[in-house]
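Here is the structure we will look at, set down as structure tokens.
The values are calculated or read from the model by the stated rules, or taken from the named source; none is laboratory data. Keep in mind it's a predicted model, so treat the numbers as computed, not measured. Note: areas computed on protein heavy atoms with side chains; ligands, DNA, RNA excluded. Shrake-Rupley method; radii C 1.70, N 1.55, O 1.52, S 1.80 Å.
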Amino acid sequence: MPTINFTVNGKLTPIDSDPDTPLLWVLRDTLQLTGTKYGCGMALCGACTVHLEGEPVRSCVTPVSVAAGKKVATIEGVGQAGVAKAVQTAWRRLDVVQCGYCQSGQIMSAVALLEKNRKPTDADIDGAMSGNLCRCATYVRIRAAIHEAAQSLA
């Protein structure tokens, strides 16, 4: 198997893997970064959302070869400062989580949104978060947390 080099959460990471292996399985099974969840396996639910070069991607359908030479951030490494901290603080303060299964993907999408747009409207939030499903239907609290995080960053 070829060695694929990419940076995960700031650390250069060589992986011997079939290039077609989904990034999700490399993160979870090989690197033991289990904060990224498997949901649908078809990029429909967003539970597996990670950042690839700062953009949210569905790792369940992204071949690890796409990450070669690039930076990947997972929920474990998205950051303890700036936007990520604001989002995580708002999530806790507003008690967004119910079962929690989808929340790492929700947070990754929210961080990506606020990195680009510090004053999102409800429509901006709905658009950015539309690919992240929550079976507990915490959407109202998710939107409120994103607004609160945005206000804390202003």
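Between rounded, prolate and oblate, where does region 56-128 land on the alpha carbon gyration tensor, with a ≥ b ≥ c its root eigenvalues, rounded for a/c under 1.5, else prolate if a/b exceeds b/c?
Prolate.
Once the 1.4 Å probe is applied to the protein heavy atoms, the chain comes out at 50 Å² accessible per residue.
Once the Cα atoms are used to define both axes, helix 82-93 deviates from the longest principal axis of the chain by about 60 degrees. Too long at a 23 Å Cα-Cα cut-off: which of 11/119; 37/85; 85/119; 85/116? Going by Cα-Cα distance, 11/119 fall outside the 23 Å limit. Taking the chain as a Gaussian network of alpha-carbon nodes connected by springs under 10 Å, the highest mean-square fluctuation of the residues 129, 42, 108 belongs to 42. In the chain, helical runs assigned H by DSSP with n ≥ 4 each contribute -39500 (n - 2.57); averaged across all residues and rounded to the nearest 500, the mean residue ellipticity at 222 nm is -10000 deg cm²/dmol.
Ignoring ligands, DNA and RNA, what percent of the accessible area of the chain is carbon or sulfur (1.4 Å)? Percent of accessible area from carbon and sulfur atoms in the chain: 54.
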